[in-house]
Every structure is written in C-alpha cells, then in structure tokens.
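S.K.: Next up is a structure, given as structure tokens.
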Amino acid sequence: MASVFIAYGSTTGNTAYVAESIQRTLKQNGHEVTIEDVADINVAELTKPYDLCCLGCSTWGDDEIELQDDFIPVFEEIENIDLAGKNIACFGCGDSSYEYYCGAVDAIEEACKNAGATIFTDSLKIDGDPKSEQADIDAWAQDLIAKLNA
C-alpha cells in the first residue's frame with residue numbers, strides 16, 4: 001500500500017472533482033490517500049514521506065498562463081524546496097480554446113522538476129467539464145496505481 005498526497009486548487013469545483021475522483025480510485029485499490037485544498041497547506045507538505053504527490057490546478061487566462069489563485073503561493077515556493085527523490089504527478093482543468101491550454105499543469109510540473117522531483121507519469125489535462133471526461137480520469141488513476149504497485 002502506497003501513501004499518496006493530493007493537493008488541488010479549484011475555483012469552480014472542476015479540479016476538486018478530479019482530485020476527489022483520483023482519491024476515490026486510489027483508496028478503492030488499497031492506497032492511503034491524504035487530500036487537501038492547496039489553500040490549506042504550505043509547500044513543505046510536498047517534502048513529507050509520501051510515495052507520490054499529485055498536484056492539481058486549473059488554468060485561467062488567454063494572454064498568459066494564470067494559475068488558480070489559491071495555488072499561486074505554493075507554486076511560487078516550489079523551486080525553493082528540495083524535492084529530490086519525490087514522485088510528482090500533475091493534473092488540471094482548462095479550456096482547449098485558449099492558447100495556453102492547461103498551462104498551469106505544465107508550469108507546476110516544470111517547477112517540480114527544477115526542484116529535483118521525478119515526474120511520475122504524464123500529466124492529466126481535462127478540457128471543460130470533468131464529468132464528461134470521467135473515463136480519462138479513471139484511466140489516469142489506474143495508471144498511477146499500476147506504477148505504484150510495480
């Protein structure tokens with residue numbers, strides 16, 4: 001059984017829905033999961049001894065990448081901590097009609113790599129309503145499980 005930490009920033013509830021779906025699937029498969037709204041944590045949480053940290057953030061903005069407001073303070077501190085040896089997986093919601101579709105996911109992933117983290121799997125990017133993308137969310141969670149069990 002692996003220990004997984006999920007932190008998410010969600011304004012409209014879409015990214016929270018994705019985080020809760022991932023949590024449910026991981027728990028149903030015997031993994032220990034801690035889930036937090038990113039507004040309730042500080043960046044040091046990512047250094048705790050979890051087997052995997054999943055970070056979820058929605059993306060706003062058409063002219064530039066804008067992270068969900070609550071995620072900004074944690075994002076700004078990521079490169080100031082040591083994530084060497086940490087497994088990170090990123091997910092988020094966005095709108096593919098924007099130039100920087102799910103750009104927050106890419107920015108968070110890059111910051112984690114720069115802090116020494118290992119990217120555990122390809123990121124999950126949800127276009128629009130996550131309820132219509134449930135199969136993709138479930139498949140991504142199953143991929144996490146397969147890698148955690150390997």
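S.K.: Checking the condition aromatic (Phe, Trp, Tyr), surrounded by 15 or more Cβ atoms within 10 Å (Cβ to Cβ) and out of contact with any Ser or Thr (no Cβ under 7 Å at 6 or more places or on another chain), which residue from PHE75, PHE91 passes?
M.R.: Checking each option against the conditions leaves just PHE75.
S.K.: Between residues in the range 120-136 that are surrounded by fewer than 12 Cβ atoms within 10 Å (Cβ to Cβ) and at pLDDT 95 or above and residues that are assigned to a strand (DSSP E or B) and not polar (S, T, N, Q), which pairs lie under 6 Å by C-beta distance while being six or more apart or on different chains?
M.R.: none
S.K.: Could you list, in sequence order, the residues of the range 57-81 that are over 19 Å from THR47 (Cβ atoms), assigned to a loop (DSSP other than H, G, I, E, B) and of a type outside the set (S, T, N, Q)?
M.R.: GLY61, ASP62, ASP63, GLU64, ILE65
S.K.: Looking at LEU144, LEU148, which one is of a type in the set (A, V, I, L, M, F, W, C), in contact with a Ser or Thr (Cβ under 7 Å, 6 or more places away or on another chain), in a helix (DSSP H, G or I) and over 16 Å from GLU64 (Cβ atoms)?
M.R.: Exactly one of LEU144, LEU148 is of a type in the set (A, V, I, L, M, F, W, C), in contact with a Ser or Thr (Cβ under 7 Å, 6 or more places away or on another chain), in a helix (DSSP H, G or I) and over 16 Å from GLU64 (Cβ atoms), namely LEU144.
S.K.: I would also like to ask the following. Only one of THR34, THR15 is among the hydroxyl-bearing types (Ser, Thr, Tyr), touching a residue at least 24 places away in the same chain (Cβ under 8 Å) and buried (at least 21 other Cβ atoms within 10 Å of the Cβ); which?
M.R.: So the residue among THR34, THR15 that is among the hydroxyl-bearing types (Ser, Thr, Tyr), touching a residue at least 24 places away in the same chain (Cβ under 8 Å) and buried (at least 21 other Cβ atoms within 10 Å of the Cβ) is THR15.
Every residue, every condition in (1) touching a residue at least 60 places away in the same chain (Cβ under 8 Å); (2) closer than 19 Å to ALA2 by Cα; (3) over 15 Å from the mean Cα position of the chain (by Cα), yes or no:
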position: ASP63; (1), (2), (3): no, no, yes
position: GLU79; (1), (2), (3): no, no, yes
position: LYS86; (1), (2), (3): no, yes, no
position: GLY92; (1), (2), (3): yes, no, no
position: SER96; (1), (2), (3): no, no, yes
position: ASN114; (1), (2), (3): no, no, yes
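The values are calculated or read from the model by the stated rules, or taken from the named source; none is laboratory data. If you're wondering where the values come from, they're calculated on a predicted model, not measured in any experiment. Counting neighbours? That spans all protein chains shown, and the Cβs are built from the backbone with ideal geometry, glycine included.
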